[in-house]
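Provided herewith is a single structure, encoded as structure tokens, for subsequent inquiry.
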Amino acid sequence: MARTRASGVVNVRDLDPSPTTFGAGFYLEGNIIADAEQLVRNYDAAQTTVTFKTNLLPFAWTGPGSGNSTNTPA
């Protein structure tokens, strides 16, 4: 897991001043996300699950979920 300070749509845990526990899980459905540096911040698939389903995203999501699109919002 890489430490990063870039913003994300979902932050699964804080690292500063010291690491917190991972969130139990995240489910995002039917959202329009037009501008983001990354979708998930501080993600470790072995520690938590983040699912994107039928969202309009600025770039592809390779984790759990389905039906997402990277089309430009109108």
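The values are calculated or read from the model by the stated rules, or taken from the named source; none is laboratory data. Everything numeric in this text was worked out from a predicted model, so none of it was measured. With ligands, DNA and RNA removed, areas are computed over all heavy atoms of the protein, side chains included. Shrake-Rupley method; radii C 1.70, N 1.55, O 1.52, S 1.80 Å.
What number comes out for accessible area per residue over the range 9-62 if the probe is 1.4 Å? Units Å², please.
Counting only protein heavy atoms, the per-residue value for the range 9-62 is 58 Å².
Over every pair of different alpha-carbon atoms in the chain, take the mean of 1/r and invert it; report that Kirkwood radius in Å.
Evaluated over the chain, this radius sits at 12.9 Å.
I'd like the carbon and sulfur percentage of the solvent accessible area for the chain, probe radius 1.4 Å, heavy atoms only, ligands and nucleic acids excluded.
Carbon and sulfur atoms account for 48 percent of the accessible area of the chain.
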